[in-house]
Amino acid sequence: MENFTGKFIVIDGTDGSGKTTQFNFLIETLKARGYAVEIADFPQYNTKSAGLVEEYLSGKYGSADEVNPKISSIFYACDRYDASFKIRQWLQEGKIVVSNRYVSANMGHQGAKIPDPEKRKEFFDWLYDLEYNLFGIPQPNLSIILHVDSKIAQQLAQQRQREDWVGKTKDIHEENLEHLIHAEQTYLEIAKYPNFKLIECTHNGQIMSREEIQRAVWQEVEQLIQPKQISTTENKDGWIEVICGCMFSGKSTEAAKRITKELISKNREILIFVPQESSREITLSESNTSINTSGKLVSRNGKIFSAIEFPKDQPSAILQYLESQNRPITTVVIEEAHFCHFSLVQVCKKLAEDYKLRVIVVGLDQTFDDEGFGPVPALMVEAEFVTKELAVCVECGSQTANKSWLDKNAREQLEGKILVGDSQYVALCRHCKNKFKKQNQL
């Protein structure tokens, strides 16, 4: 995320949830309090950049479900790219930019077309890369998701006038209740991502008053422009360290050394986090005993540290836990980072840049198919320090093993899932793994 002096706020939610009303309210409130405010509104109807979006929404290319989500996402992404230049300029000038919909709308509506959770996550990662990396558009500091039950939202949406889209009344999203139901569930899903906040707009099946929703929106915005101070013992500067390597390379052992130094140093406070889904049994090298890693960071040489578990798809839980602490924190360690959602990258950057913490990330850098594993490669790019540990090749004894190999039988039983455990893996050097591949053991 680029560092701007201004703030970027997005109002989003399902159709009919009152986005435009709350969007206008927020602009008026900020201006009344003396803030310099600029406005972005998507899609940019009646402009060249939104031409394909208008054709898509009018049904020219088919129903919502008939158009591939990546194709329709590109329509919207091009429109945002067109607006990104003025948005970036405003943020550089220190202004508050308020946007009615943004990338979150693609995530909600286009992601709703993908029923499989894993494929939907892959779509989110693809979309993130398209919009923020390829097109390089500014990322919001805060995305507010307004949640209204889909049936209520459809009724409200159909009652309104399309003043923003001159000459058109049809919208293939609003007319499809099944699509709105799926979009509602997807919006609830993305509201768990970093820098997203969910605001419930109904109570006991009834829509809340505009004033009640306005108060909830302002409470979130106020925390952004007048942030709560988190209790941290500030380092002079924050930074990110990545410890990576293949299975059996000693990543956790290396992390344990750094944790031990932190614990015996003066004025250092450390928090260790681990994805709850990464729990497994490992064998300690010296005692040959087995131990479950649930709620722990465990090295094979017997070092054991208590850790805080969090859902792998919700790295933002790390920030929430940090905010709940009254004691000053200097260091955060994140074990098994390869399992985490790609948004862990933004969480780590926030910890280092905003909170000035030392962030130590530990994880596999490659899958057994030699592809980048989760967010670890991107974190290696962001990190000030990268330590790549090597294992001993079980085939030739070389000390340059940097590949993890999955047993053929275990591979056949995997069925697209991430396998958590040690017994099915071996460490190989580059040359021995190539031999395995040539022997058709894939």
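The values are calculated or read from the model by the stated rules, or taken from the named source; none is laboratory data. Keep in mind that this is a model prediction, so the values were computed, not measured. Methodologically, a virtual Cβ is constructed for each residue, glycine included, from the backbone with ideal geometry; neighbour enumeration extends over all protein chains shown.
Things to note:
- Search result, residues across region 113-152 that are among the polar types (S, T, N, Q) and either buried (at least 18 other Cβ atoms within 10 Å of the Cβ) or not in a helix (DSSP H, G or I) (or both): GLN139, ASN141, SER143, SER150
- Test result for ALA352, closer than 30 Å to PHE124 by Cβ and out of contact with any helix residue (DSSP H, G or I) (no Cβ under 7 Å at 6 or more places or on another chain): yes
- For region 3-16, the set of residues classified as surrounded by 17 or more Cβ atoms within 10 Å (Cβ to Cβ) and either over 24 Å from the mean Cα position of the chain (by Cα) or closer than 16 Å to ILE87 by Cα (or both) consists of PHE4, GLY6, LYS7, PHE8, ILE9, VAL10, ILE11, GLY16, listed by residue number.
- Where ARG101 falls short, out of the listed (1) without any contact (Cβ under 8 Å) to a residue 60 or more places away in the chain; (2) charged (D, E, K, R); (3) touching a Phe, Trp or Tyr at 6+ places or on another chain (Cβ under 6 Å): (1)
- For region 356-370, the set of residues classified as in a loop (DSSP other than H, G, I, E, B) and modelled with pLDDT of 90 or more consists of LYS356, LEU357, ASP365, listed by residue number.
- Residues that are more than 27 Å from the chain's Cα centre (by Cα) and in the same structural domain as HIS147 (by TED's automatic domain parsing) do not occur anywhere in region 69-88.
- Test: residue in region 258-279 that is touching a strand residue (DSSP E or B) at 6+ places or on another chain (Cβ under 8 Å) and within 26 Å of SER398 (Cα to Cα): no
- Residue match in region 329-350 (condition: surrounded by fewer than 16 Cβ atoms within 10 Å (Cβ to Cβ) and over 16 Å from the mean Cα position of the chain (by Cα)): no
- Sole residue being modelled with pLDDT of 95 or more and either among the small types (Gly, Ala, Ser) or touching a Phe, Trp or Tyr at 6+ places or on another chain (Cβ under 6 Å) (or both), chosen from SER49, SER58: SER49
- Only listed residue being surrounded by 13 or more Cβ atoms within 10 Å (Cβ to Cβ), within 19 Å of VAL362 (Cα to Cα), among the aromatic types (Phe, Trp, Tyr) and at pLDDT 55 or above, chosen from PHE436, PHE373, PHE385: PHE373
- Among (1) surrounded by fewer than 17 Cβ atoms within 10 Å (Cβ to Cβ); (2) closer than 25 Å to LYS257 by Cβ; (3) at pLDDT below 85, the one test that LYS403 misses: (1)
- Residue satisfying all of: in region 309-328; over 23 Å from SER249 (Cβ atoms) and touching a Pro at 6+ places or on another chain (Cβ under 8 Å); surrounded by the most Cβ atoms within 10 Å (Cβ to Cβ) among these: PRO315
- ALA36 surrounded by fewer than 16 Cβ atoms within 10 Å (Cβ to Cβ) and either among the small types (Gly, Ala, Ser) or in contact with a Phe, Trp or Tyr (Cβ under 8 Å, 6 or more places away or on another chain) (or both): yes
- Once region 43-87 is narrowed to residues that are closer than 19 Å to PHE135 by Cβ and of a type in the set (Ser, Thr, Tyr), the residue that is surrounded by the most Cβ atoms within 10 Å (Cβ to Cβ) is TYR76.
- Within region 190-230, being in a helix (DSSP H, G or I), touching a helix residue (DSSP H, G or I) at 6+ places or on another chain (Cβ under 8 Å) and surrounded by 15 or more Cβ atoms within 10 Å (Cβ to Cβ) holds for ILE190, ILE213, GLN214, VAL217, TRP218, VAL221.
- Helices (runs of 4 or more DSSP H) contained in region 30-112 and holding at least 2 residues basic (Lys, Arg) and out of contact with any helix residue (DSSP H, G or I) (no Cβ under 7 Å at 6 or more places or on another chain): 69-92
- Checklist (1) without any contact (Cβ under 8 Å) to a residue 24 or more places away in the chain; (2) closer than 29 Å to ARG215 by Cβ; (3) not polar (S, T, N, Q) applied to LYS95, failing item: (1)
- Listed by first and then second residue, the pairs with beta-carbon distance under 6 Å, at least 6 apart or on different chains, first residue in region 370-391 and within 17 Å of PRO315 (Cβ to Cβ), second hydroxyl-bearing (Ser, Thr, Tyr), are PHE373/THR367.
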